[in-house]
Amino acid sequence: MHDLTDEEQQLYDMVCEFADTVVAPQAYEADRTHELSMDVVAQMGELGLFGLPFPEEVGGQGGDYMALCLAIEALARVDQSIAITLEAGVGLGAMPIYRHGTDEQKAEFLPDLVAGRALGGFGLTEPEAGSDAGATRTTAVLDGDEWVVNGSKQFITNSGTPITRFVTVTAVTGERTRPDGTVSKELSTIIVPNGTPGFTVGPGYDKSGWRASDTHPLTFDDVRVPAGNLLGERGRGFANFLRALDEGRIAIAALATGAAQGCLDEAMAYAKTRNVFGVPIASHQYIAFTIAGMQARVHTARLAWHDAARRADAGLPFKKEAAIAKLVSSDAAMLNARDATQIFGGMGFMNETTVARHYRDSKILEIGEGTNEVQLMVIARELGLAA
Amino acid sequence: MKIIVLVKEVPDTYGERKLDLETGLADRAASEPVLDEIGERALEVALAHADAHADTEVVVMSMAPESAATTIRKGLAMGAGSAVHIADPGLAAADLGLTARTLAAAIRRTGFDLVITGNLSTDGSGGVIPAMLAELLEVPNATALTSVEITDGSVSGTRDVDGGTMRVSAPLPAVVSITEALPDARFPNFKGIMAAKKKPFETVSAADLGIEPEDLSAAWSIMTAIAEKPPRTAGTKITDEGDGGTRIAEFLIENRLV
Ligand SMILES: Cc1cc2nc3c(=O)[nH]c(=O)nc-3n(C[C@H](O)[C@H](O)[C@H](O)COP(=O)(O)OP(=O)(O)OC[C@H]3O[C@@H](n4cnc5c(N)ncnc54)[C@H](O)[C@@H]3O)c2cc1C
């Protein structure tokens with residue numbers, strides 16, 4: 001893609017090579033056994049992937065958000081579970097600490113997070129609060145110099161791996177009276193280290209896709225953490241995670257673009273070599289057109305996330321662009337996964353094929369990090385429409 | 001310790017590879033150019049030594065068209081300290097002799113304690129460059145090593161031969177070539193990619209090295225004919241009628257495959 005600098009292109013090529021030689025060979029087994037390969041995570045750490053968007057002073061690689069997303073796209077071509085582990089590890093684990101953490105919090109967590117030696121989760125979603133984060137019920141009450149956290153979270157990525165150090169949870173810390181007299185919840189974010197008494201990480205979910213990614217329900221039963229574990233200002237919880245979610249949408253868009261690209265690559269290779277009625281199926285116009293359509297979707301999805309990432313890195317507003325990128329790229333991934341499995345015929349229904357995995361994995365792209373209905377809501381609001 | 005690693009840009013080993021039937025050269029447009037894997041392994045040997053010995057200087061060197069600069073830079077991203085790129089249109093069709101003479105001149109000019117190369121490139125597969133270099137540089141040569149140990153004054157290693165393993169060693173300066181038995185090369189990280197931009201990258205011409213490409217006084221290899229690889233013929237199908245095993249054995253013996 002011509003907007004990439006030489007170094008960005010080299011980074012993308014390098015991560016593609018890593019993905020093809022290290023990640024791809026273990027993807028089927030990891031998916032089959034619902035097991036995140038900590039060995040692959042460690043190798044990604046050594047490669048500096050978890051440090052991509054952070055400056056060298058904190059042990060990072062000195063890149064930007066664009067660089068991180070390029071790596072996520074390259075990984076997702078062959079294994080979405082690994083790509084989301086990186087996306088969540090950086091975007092939801094390390095980034096909030098880097099951005100809102102105190103010097104002590106940064107010193108305690110960042111070195112291991114940016115090196116991929118530790119992971120952090122971000123717990124926003126609850127059984128009764130998904131798309132509507134304002135409905136959060138988890139509470140945190142200041143008792144002396146400790147927060148006492150009670151409540152539960154669900155579907156939290158990277159919250160229970162062997163190297164998970166903490167989960168940052170959103171919790172109601174009080175009430176606020178607006179100037180007009182209405183009362184609203186005061187939301188804050190609090191770092192809860194794994195292993196704290198009363199903090200239980202439930203068994204991993206039996207998911208239909210992203211099966212090697214680590215996802216758990218969490219419960220908090222009178223969990224006591226130091227007052228200093230408040231992340232960012234009290235009452236700024238909403239604002240903090242909204243920025244994280246906006247950025248996360250770009251990263252999910254990059255991930256979805258990688259998935260769509262992976263489907264395209266697989267379909268191309270298969271269609272050229274699969275002979276039916278004595279000819280390669282690629283020689284049928286119907287198949288060729290299908291693949292052409294897949295290519296067009298990959299291209300559009302990539303343009304959309306590149307633009308959103310460039311805007312974010314340049315400090316320009318990017319809310320609408322991020323929502324659009326997430327919307328079109330998750331569509332691209334779903335449609336390409338469907339087309340690719342169709343081109344594979346019966347083989348495409350076998351879990352050992354990459355396309356079958358993309359078929360199961362891609363659906364979550366339309367749900368996680370804000371459902372696509374929520375993206376439409378964001379875009380509509382950005383257009384000034386009541387939504 | 002100064003180690004020069006010879007690297008080469010080749011058409012992607014896993015992609016489609018084509019010959020230009022007019023010139024007999026690899027058709028560089030036919031597939032993605034990549035750094036030859038064996039050269040990357042050679043670089044890994046040098047970098048691993050440098051990791052453990054801070055006073056090691058690693059130089060990547062390549063004789064390649066101008067366009068190969070990006071690929072050579074990957075060697076810098078992986079960790080080499082500097083690069084020497086011999087780029088000259090006059091060297092486009094260089095045979096093994098001219099290539100060795102040019103590389104030897106460049107190696108001399110840069111200075112070295114040890115030169116590490118792959119035993120065989122995946123494109124031309126000449127396999128004699130390391131020996132020619134050692135001859136031209138008048139230093140010992142240890143070929144096809146399956147393990148390498150570098151000490152202050154010497155290099156040693158093992159070489160697999162039919163039915164055994166040989167231990168070889170040579171005093172430095174020396175030229176060694178390695179095989180695929182050595183470990184995979186590391187991946188460059190982003191910091192390395194960014195740092196590569198600022199590392200010394202020297203581009204030299206044949207004239208800079210005192211090489212006259214048109215000089216025909218030495219013997220040249222001349223290509224007399226070239227043809228595309230014939231398409232694969234259909235194999236022999238042995239249908240098992242109770243004697244399948246025997247017939248497969250007969251087939252293998254007949255074709256001297258066992
Ligand atoms: C594998 C996986 C990993 C996840 N990781 C994390 C994580 O790390 N951290 C975290 O906090 N969360 C995580 N989530 C949760 C995810 O972000 C939520 O599932 C998602 O935001 C949707 O919330 P919900 O499931 O409650 O759906 P709901 O909010 O119940 O939505 C149900 C449906 O109603 C639609 N809908 C809702 N409101 C409207 C409206 N106003 N107009 C039109 N349609 C509407 C939605 O779009 C959706 O289609 C993860 C989920 C999964 C599956």
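Tabulated data
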{"read-out": "Test: A:S159 is within 22 Å of A:Q105 (Cα to Cα), within 16 Å of the ligand (Cβ to nearest atom), small (G, A, S) and within 26 Å of the chain's Cα centre (by Cα)", "value": "yes"}
{"read-out": "Residues of the range B:211-239 satisfying the condition of being at pLDDT 85 or above and either loosely packed, with under 10 Cβ neighbours inside 10 Å or among the basic types (K, R) (or both)", "value": "B:T239"}
{"read-out": "Residue satisfying condition, being more than 16 Å from the ligand (Cβ to nearest atom) and over 30 Å from A:R243 (Cβ atoms), within set A:F289, A:F318", "value": "A:F289"}
{"read-out": "Residue match in the range A:101-110 (condition: outside any helix (DSSP H, G or I), basic (K, R) and either under 30 Å from A:L264 (Cβ atoms) or not assigned by TED's automatic domain parsing to the domain that holds A:I163 (or both))", "value": "no"}
{"read-out": "All positions within the range A:339-375 that are farther than 24 Å from A:T85 by Cα and surrounded by 15 or more Cβ atoms within 10 Å (Cβ to Cβ)", "value": "A:D339, A:A340, A:T341, A:I343, A:F344, A:G348"}
{"read-out": "Subset of the range B:187-210 (residues that are touching a Ser or Thr at 6+ places or on another chain (Cβ under 8 Å), surrounded by 15 or more Cβ atoms within 10 Å (Cβ to Cβ) and not small (G, A, S))", "value": "B:K199, B:F201, B:E202, B:L209"}
{"read-out": "Selection from the range A:50-65 of residues that are hydrophobic (A, V, I, L, M, F, W, C), more than 8 Å from chain B (Cβ to nearest Cβ) and crowded, with 24+ Cβ neighbours inside 10 Å", "value": "A:F50"}
{"read-out": "The one condition in (1) assigned by TED's automatic domain parsing to the domain that holds A:S213; (2) touching a residue at least 60 places away in the same chain (Cβ under 8 Å); (3) surrounded by fewer than 22 Cβ atoms within 10 Å (Cβ to Cβ) that A:T168 fails to fulfil", "value": "(3)"}
{"read-out": "Candidates A:A380, A:A387, filtered to the one that is modelled with pLDDT under 95 and either more than 14 Å from the ligand (Cβ to nearest atom) or more than 20 Å from the chain's Cα centre (by Cα) (or both)", "value": "A:A387"}
{"read-out": "One residue from B:E212, B:E180 being touching a residue at least 60 places away in the same chain (Cβ under 8 Å) and more than 14 Å from chain A (Cβ to nearest Cβ)", "value": "B:E180"}
{"read-out": "Any chance A:M14 is over 22 Å from B:V34 (Cβ atoms) and either surrounded by 19 or more Cβ atoms within 10 Å (Cβ to Cβ) or away from every other protein chain (no Cβ under 13 Å) (or both)", "value": "no"}
{"read-out": "Flag for A:K207 being outside the structural domain of A:T33 (by TED's automatic domain parsing), touching a residue at least 40 places away in the same chain (Cβ under 8 Å) and away from the ligand (no atom under 16 Å from the Cβ)", "value": "no"}
{"read-out": "Conditions (1) of a type outside the set (S, T, Y); (2) within 19 Å of A:E233 (Cβ to Cβ); (3) more than 10 Å from the ligand (Cβ to nearest atom): number failed by A:F122", "value": "(3)"}
{"read-out": "Options A:T33, A:T21; residue that is exposed (fewer than 14 other Cβ atoms within 10 Å of the Cβ), more than 28 Å from A:G101 (Cβ to Cβ), facing chain B (nearest Cβ under 9 Å) and among the hydroxyl-bearing types (S, T, Y)", "value": "A:T21"}
{"read-out": "Some residue of the range B:59-73 being at positive phi and within 14 Å of another protein chain (Cβ to nearest Cβ)", "value": "no"}
{"read-out": "Residue check, A:A27 away from chain B (no Cβ under 14 Å) and part of a helix (DSSP H, G or I)", "value": "yes"}
{"read-out": "Selection count, the range A:162-200, where residues are part of a strand (DSSP E or B), more than 14 Å from the ligand (Cβ to nearest atom) and within 20 Å of the chain's Cα centre (by Cα)", "value": "2"}
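The values are calculated or read from the model by the stated rules, or taken from the named source; none is laboratory data. Everything quoted here is computed from the prediction, not taken from an experiment. Heads up, the Cβs are rebuilt from the backbone with ideal geometry, glycines too, and the neighbour counts pull from every protein chain shown.
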